[in-house]
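Reviewing the structure listed below.
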Amino acid sequence: MKAFPTSFLWGGAIAANQVEGAWREDGKGLSTSDVQPKGVFGEVVERVEGDSALKDVAIDFYHRYPQDIALFAEMGFSCLRVSIAWTRIFPNGDESTPNEAGLAFYDRMFDELAKHGITPLVTLSHYEMPWGLVTAYGGWGNRKTIEFFEHYARTVFTRYASKVKLWLTFNEINMSLHAPLTGVGLAENSSKGDVYQAIHHQLVASALAVKACHEIVADGKIGNMLLGGLMYPLTCKPEDVLEALQQNRSWQFFGDVQCRGVYPGYMLRYFRDNGIAIEITDADREALKSTVDFISFSYYMSGCVTTNEELNQKARGNILSMVQNPHLQSSEWGWQIDPLGLRTLLNMLWDRWQKPLFIVENGLGAKDKVEADGSINDDYRIAYLNDHLLQMREAIDDGVEMMGYTSWGPIDLVSASKAEMSKRYGFIYVDRDDDGNGTLARSRKKSFYWYRDVIASNGESLK
Ligand code: BG6
């Protein structure tokens, strides 16, 4: 019978800047997320005394984490993916001494998880970095940022070595190609060469964090995190097939470096063909040899690519400029729903890297309706997740080695792309709207009970 391994980790994933709020509390510094109140594709705004943004409070997880973790435990979570806000630990990024109040917050949170037997999976940097490193150093464009990051990583590995055994380096490291400010702290109109140089620095930093984790955290495991941007050729025209290969490589490249420890030949050719000269030192080459223990990725949708310029024109402006697949339905936000694509992707990544895989984000962003009696019947969310989990089980049956699954936003949170509350992913509803109105009260949706049953039966209840 098809089944999930008994060691399989089930849970959900959240990110500091989308849940915590408390943006200036206990010594926290300003992050790139704080200066982009309208999300990762939004403008940079100077924050002034007395202004406000949705993420400043978010869902107030900073103060409400004990109740929220209790709700996750009620669903039977064995794992919770969280991120540490770098600016809580090093407010400007370049301090030598960490902010004790920030460290103490995560101590309390990890203790709360331990109380419920929930394993933390911790991302070092999820879509945010200290704004101070951007303004004073030019973000990841500057080599010095590697040192600051390594110092931060070593600080948190040392502090939480006994509490956190599973780590991730950079969230969706390949997103820097589409959102340079969020990814690498560079202006949106930066040249390709500058973006790839900054990415190189981040890849080196990621490898140095892998090395540090292995040195400091006994029995620790550390993975990378990719946006699983599966692309199909729109037609079987050989040019479209080659285009799909290239587009898939544009994000698989990050995984190739993080899993194999060297730049792949196709990327060196891409740099040559585009007149991009990356400074790679001998020390960088040595550092890159520290490769990840496992691969984690997000999966929400798939897309198509083609060499037909007319169709491409139309696709510009879509997330990742993908052409619509005529065989798939879309979410309210135009993301194309493709459960079978998840099986394809899992097999593709397993064949390519032969390292254990962890799906650390997947889910449906949708508007929810609260009925008069307070119930929320989110059958659409249940259907989406059910179909993806079934394909994950198929992939396991195909021989893919998997560590676990954390759905995105198990509790409603502020969306990343446009900083909306109304794009909800949760099993737990949070009473707050796009303008910040609401009590922040939590309530269980229909999917809450459905996911609880999935976890309790280790996937056997899936239909
Ligand atoms: C991933 C990010 O890109 O997608 C998350 O890692 C994000 O931070 C998620 O929230 C869903 O995107 P959005 O824009 O719907 O929040």
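The values are calculated or read from the model by the stated rules, or taken from the named source; none is laboratory data. The structure displayed is predicted, hence computed values, not measured ones. Note that each Cβ is placed from the backbone with ideal geometry, even for glycine, and that neighbours are counted across all protein chains shown. Accessible surface is based on the protein model in full, side chains and every heavy atom, while ligands, DNA and RNA are left aside. Shrake-Rupley method; radii C 1.70, N 1.55, O 1.52, S 1.80 Å.
Restricting the search to the stretch 286-308, which residues are within 16 Å of the ligand (Cβ to nearest atom), within 17 Å of the chain's Cα centre (by Cα) and in a strand (DSSP E or B)?
If we filter the stretch 286-308 for residues that are within 16 Å of the ligand (Cβ to nearest atom), which is where we start, we get 295-303.
The next check asks that each one be within 17 Å of the chain's Cα centre (by Cα); those that pass are 295-302.
Across the stretch 286-308, the qualifying residues are Ile295, Ser296, Phe297, Ser298.
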Please enumerate the residues belonging to the stretch 1-30 that are open to solvent by less than 10 Å² (accessible area, probe 1.4 Å), within 19 Å of Gly436 (Cβ to Cβ) and of a type outside the set (A, V, I, L, M). Gln18, Glu20, Gly21
Scanning the stretch 39-74 for residues that are under 24 Å from Thr439 (Cβ atoms), open to solvent by 30 Å² or more (accessible area, probe 1.4 Å) and acidic (Asp, Glu) gives Asp51, Glu74
Tally the residues that are within 21 Å of Ile222 (Cα to Cα) and part of a loop (DSSP other than H, G, I, E, B), restricting the search to the stretch 321-366. 4
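Confirm whether Val430 is out of contact with any Phe, Trp or Tyr (no Cβ under 9 Å at 6 or more places or on another chain) and open to solvent by less than 10 Å² (accessible area, probe 1.4 Å). Before you say what the answer is, go through the steps one by one.
Details: out of contact with any Phe, Trp or Tyr (no Cβ under 9 Å at 6 or more places or on another chain): yes; open to solvent by less than 10 Å² (accessible area, probe 1.4 Å): yes.
Judged against the criteria, Val430 is a match.
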Kindly establish whether Ile382 is touching a Ser or Thr at 6+ places or on another chain (Cβ under 6 Å) and away from the ligand (no atom under 16 Å from the Cβ). yes
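For residues in the stretch 29-84 being hydroxyl-bearing (Ser, Thr, Tyr) and within 16 Å of the ligand (Cβ to nearest atom), which is farthest from Lys418 (Cα to Cα)? Spell out the reasoning first.
From the stretch 29-84, those hydroxyl-bearing (Ser, Thr, Tyr) are 31-33, 52, 62, 65, 78, 83; that's our starting set.
Then keep just the ones that are within 16 Å of the ligand (Cβ to nearest atom); that gives 31-33, 83.
Working: Ser31: 17, Thr32: 14, Ser33: 11, Ser83: 20 Å.
The extreme case among them is Ser83.
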Only one residue in Gly365, Gly399, Gly334 is in contact with a helix residue (DSSP H, G or I) (Cβ under 9 Å, 6 or more places away or on another chain), more than 30 Å from Arg260 (Cα to Cα) and either buried (at least 20 other Cβ atoms within 10 Å of the Cβ) or of a type outside the set (Ser, Thr, Tyr) (or both). Which one? Gly334
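Condition check ((1) surrounded by 20 or more Cβ atoms within 10 Å (Cβ to Cβ); (2) in contact with a Gly (Cβ under 6 Å, 6 or more places away or on another chain)) across all residues:
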position	(1), (2)
Ala209	yes, no
Cys213	yes, yes
Asp219	no, no
Leu230	yes, yes
Asp240	no, no
Leu245	no, no
Arg272	no, no
Ala277	no, no
So which pairs qualify, if the first residue must be in the stretch 225-244 and more than 12 Å from Ser302 (Cα to Cα), the second must be within 16 Å of the ligand (Cβ to nearest atom) and among the charged types (D, E, K, R), the Cβ gap must be under 8 Å, and the two must be at least 6 apart or on different chains? Met225/Glu172; Leu226/Glu172
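If only one of Leu177, Leu230 is among the hydrophobic types (A, V, I, L, M, F, W, C), modelled with pLDDT under 95 and within 16 Å of the ligand (Cβ to nearest atom), which one is it?
From the options Leu177, Leu230, the qualifying one is Leu177.
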Looking at the stretch 1-33, which of its residues are touching a Leu at 6+ places or on another chain (Cβ under 9 Å) and not in a loop (DSSP other than H, G, I, E, B)? Leu9, Gly11, Gly12, Ala13, Gln18, Val19
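In this structure, does Gln36 turn out to be buried (at least 23 other Cβ atoms within 10 Å of the Cβ) and part of a loop (DSSP other than H, G, I, E, B)? Break it down into steps so the answer makes sense when it comes.
Values: buried (at least 23 other Cβ atoms within 10 Å of the Cβ): yes; part of a loop (DSSP other than H, G, I, E, B): yes.
So Gln36 fits the description; yes.
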Residues being within 15 Å of the ligand (Cβ to nearest atom) and open to solvent by 10 Å² or more (accessible area, probe 1.4 Å): count how many of those fall in the stretch 403-418. 4
Looking only at residues in the stretch 433-461 that are among the polar types (S, T, N, Q) and open to solvent by 60 Å² or more (accessible area, probe 1.4 Å), which one is farthest from the ligand (Cβ to nearest atom)? Thr439
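From the list Val262, Val204, Val210, Val257, pick out the single residue that is assigned to a loop (DSSP other than H, G, I, E, B) and either modelled with pLDDT under 95 or within 29 Å of Gly138 (Cβ to Cβ) (or both). Even if it seems obvious, please write down each step before you answer.
Working: Val204 fails: assigned to a loop (DSSP other than H, G, I, E, B); Val210 fails: assigned to a loop (DSSP other than H, G, I, E, B); Val257 fails: assigned to a loop (DSSP other than H, G, I, E, B).
Selected residue: Val262, the only one of Val262, Val204, Val210, Val257 that is assigned to a loop (DSSP other than H, G, I, E, B) and either modelled with pLDDT under 95 or within 29 Å of Gly138 (Cβ to Cβ) (or both).
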